[in-house]
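Let me begin by presenting the structure, written as structure tokens, before commenting on it.
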Amino acid sequence: MKLWGGRFKEEESKLMEDFNSSLSFDKELYKHDIKGSIAHVNMLAKCSILTNDEKDQIIKGLDSILKDINEGRLLIEGDYEDIHSFVEMNLISRIGEVGKKLHTARSRNDQVAVDLRIYAKEKALDVVEAIEELQQAIIKLGEENNVLMPGYTHLQRAQVVTFKYHIMAYYSMLQRDKKRMKNAIDIMDESPLGCCALAGTTYSTDRMFTAEELGFKKPVDNFMDGVSDRDFAIELIGDCSIVMMHLSRLSEELILWSSKEFDFIQISDAYSTGSSIMPQKKNPDAAELIRGKTGRVYGDLISLLTTMKGIPLAYNKDMQEDKERFFDAVNTVLSCLKVMTGMLSTLKVKGKNTLKAVKKGFLNATEAADYLVNKGMAFRDAHKVIGEIVLYSEENSKAIEDLNLDELKKFSSLFEEDVYSFIDYENTLSRGIKKEIR
Ligand code: ARG
């Protein structure tokens with residue numbers, strides 16, 4: 001069933017019809033399409049292009065379609081070309097001739113562009129909200145686990161930090177992600193409705209009215225750009241890709257920390273799975289899936305960038321390929337944010353084990369060198385002395401603080417009793433930048 005056909009002599013092949021149809025995926029836009037159409041007919045009536053009675057009949061018909069879809073009485077299926085054809089043809093079959101006036105002064109090009117922007121704004125706000133929920137879970141997990149743990153560089157124990165400080169690094173990343181999303185919303189906040197196919201319409205329509213009615217800041221400046229711009233979708237997938245990169249880094253840490261080799265955390269049973277053959281296994285599948293889905297969202301980004309790169313102005317059918325990639329990216333990031341929030345809200349941190357790792361890691365070696373510097377030694381010399389002490393301690397299975405003063409003095413006569421409190425882990429933490437975070 002088509003919205004066109006007047007100039008065609010032959011039937012479209014079934015193969016082409018199926019190939020051309022986007023209904024199976026753009027049905028996700030039904031609410032946004034109906035919302036856009038209602039704004040459009042309100043504008044047509046205001047500009048005296050439709051009578052108020054015609055407008056009322058059309059809006060009543062559109063509302064009934066929306067309600068029936070929402071309540072499962074009308075299924076979005078059949079051989080329609082797309083969601084726009086589905087809604088319009090259902091409208092005509094419900095309200096008759098007057099339904100044929102809906103598409104006055106409009107093209108599917110500005111229609112799909114506005115639908116997608118309404119959807120994109122809505123989803124971007126959902127992502128911002130889901131990020132905020134994850135940030136709350138991070139704060140709570142950090143507050144409850146202000147325990148010492150090794151901080152790493154090169155995945156080698158480096159200096160002492162706390163679990164709270166470590167996990168709060170992700171809070172900061174998410175804070176930037178949120179800003180990026182809001183900035184993208186601000187940039188895309190313009191309505192393409194009224195651009196029509198590419199060069200406007202002979203009717204005297206009011207684009208400001210529909211822009212306001214749909215909650216956009218203003219109408220787009222250039223019609224040809226308005227119908228063929230998909231930057232907003234690309235930008236949002238780009239922002240989603242960065243969120244996924246952050247979630248993936250966190251997932252990688254959760255996977256490592258939950259292994260017996262680290263044993264820093266316990267992921268709750270609710271977010272783990274077992275093995276069909278190895279009875280002892282408890283696998284961090286949620287974290288692995290988030291890490292895996294990151295590749296998929298990057299793929300969505302590259303796919304849409306590539307689709308758009310060779311398209312001459314204005315609308316071309318290639319652009320129908322934007323939807324699956326965009327829907328996939330935003331829905332994937334939303335589900336990953338929710339699962340990560342659930343996983344962190346139920347996570348147990350094994351503070352005793354993180355402390356044990358701190359003790360075994362010579363994490364006060366830098367501070368021990370600073371101690372000698374405070375006593376007058378040059379840092380490079382202090383670095384060498386402490387290096388020798390680490391070697392000695394390692395050979396004797398001890399930590400630096402386990403050596404007695406006589407042992408320490410063999411390496412440097414500058415050591416006094418006060419070294420022990422200087423290199424105490426809690427004390428090292430409360431000096432320097434760390435005093436801001438404890
Ligand atoms: N299904 C189409 C899309 O998603 C709608 C726009 C069709 N426009 C056209 N001129 N054929 O891009």
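The values are calculated or read from the model by the stated rules, or taken from the named source; none is laboratory data. Everything numeric here is computed off the predicted structure, so don't read it as measured data. Here the Cβ is made from the backbone with ideal geometry for all residues, glycine too, and neighbour counts use every protein chain on show.
So here's what we get for this one:
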quantity: Any hit, the range 276-298, residues being within 16 Å of the ligand (Cβ to nearest atom) and without any contact (Cβ under 8 Å) to a residue 24 or more places away in the chain; calculated: no
quantity: Residue among Ile423, Ile437, Ile389 that is of a type in the set (A, V, I, L, M), modelled with pLDDT of 90 or more and closer than 17 Å to Gly151 by Cβ; calculated: Ile423
quantity: From the options Gln159, Gln135, residue that is modelled with pLDDT of 95 or more and surrounded by fewer than 22 Cβ atoms within 10 Å (Cβ to Cβ); calculated: Gln135
quantity: Cross-chain or 6+ apart pairs with Cβ under 9 Å, the range 107-129 first and more than 17 Å from Ile187 (Cα to Cα), then among the β-branched types (Val, Ile, Thr) and within 12 Å of the ligand (Cβ to nearest atom); calculated: Ser107/Val227; Asn109/Val227; Asp110/Val227; Val112/Ile83; Val112/Val227
quantity: Set Lys323, Lys359, Lys338: member being among the basic types (Lys, Arg), more than 16 Å from the ligand (Cβ to nearest atom) and under 30 Å from Ile290 (Cβ atoms); calculated: Lys338
quantity: Evaluation of Val243 against (1) within 30 Å of Ala314 (Cα to Cα); (2) touching an Asp or Glu at 6+ places or on another chain (Cβ under 6 Å) (one fails), failing number; calculated: (1)
quantity: Residues satisfying the stated conditions in the range 114-155, i.e. assigned to a strand (DSSP E or B) and touching a strand residue (DSSP E or B) at 6+ places or on another chain (Cβ under 7 Å); calculated: Leu148, Met149, Pro150, Gly151, Tyr152
quantity: Filter result for Arg117 (of a type in the set (Lys, Arg), crowded, with 17+ Cβ neighbours inside 10 Å, within 16 Å of the ligand (Cβ to nearest atom) and more than 30 Å from the chain's Cα centre (by Cα)); calculated: no
quantity: Condition met for Ala45 (touching a Pro at 6+ places or on another chain (Cβ under 6 Å) and either closer than 27 Å to Ala233 by Cβ or not aromatic (Phe, Trp, Tyr) (or both)); calculated: no
quantity: Some residue of the range 414-421 being aromatic (Phe, Trp, Tyr) and assigned to a loop (DSSP other than H, G, I, E, B); calculated: yes
quantity: When residues of the range 82-107 are limited to those that are touching a Phe, Trp or Tyr at 6+ places or on another chain (Cβ under 9 Å) and β-branched (Val, Ile, Thr), the one farthest from the ligand (Cβ to nearest atom); calculated: Thr104
quantity: Checking Ala211 against (1) under 18 Å from Met188 (Cβ atoms); (2) aliphatic (A, V, I, L, M); (3) touching a helix residue (DSSP H, G or I) at 6+ places or on another chain (Cβ under 7 Å); (4) free of Cβ contacts under 8 Å to residues at least 40 places away in the same chain, the condition it does not meet; calculated: (3)
quantity: Out of Leu250, Leu313, Leu304, sole residue that is crowded, with 19+ Cβ neighbours inside 10 Å and within 16 Å of the ligand (Cβ to nearest atom); calculated: Leu304
quantity: Every pair of residues 6+ apart whose Cβ atoms lie under 9 Å, when the first sits in the range 365-393 and is touching a residue at least 60 places away in the same chain (Cβ under 8 Å) and buried (at least 21 other Cβ atoms within 10 Å of the Cβ) while the second is of a type in the set (A, V, I, L, M, F, W, C) and not in a helix (DSSP H, G or I); calculated: Glu367/Val160; Glu367/Ile423
quantity: Selection from the range 92-113 of residues that are over 36 Å from the mean Cα position of the chain (by Cα), assigned to a helix (DSSP H, G or I) and of a type outside the set (Asp, Glu); calculated: Ile92, Ser93, Arg94, Ile95, Gly96, Val98, Gly99, Lys100, Lys101
quantity: Lone unmet requirement of (1) surrounded by fewer than 16 Cβ atoms within 10 Å (Cβ to Cβ); (2) among the polar types (S, T, N, Q); (3) within 11 Å of the ligand (Cβ to nearest atom); (4) closer than 28 Å to Thr202 by Cβ for Asn20; calculated: (4)
quantity: Cβ pairs under 9 Å, 6+ apart, first in the range 220-249 and without any contact (Cβ under 8 Å) to a residue 40 or more places away in the chain, second of a type in the set (Val, Ile, Thr) and assigned to a helix (DSSP H, G or I); calculated: Val220/Val227
quantity: Within the range 23-47, considering residues that are of a type in the set (D, E, K, R), within 12 Å of the ligand (Cβ to nearest atom) and touching a residue at least 60 places away in the same chain (Cβ under 8 Å), the one nearest to Leu193 (Cα to Cα); calculated: Asp33
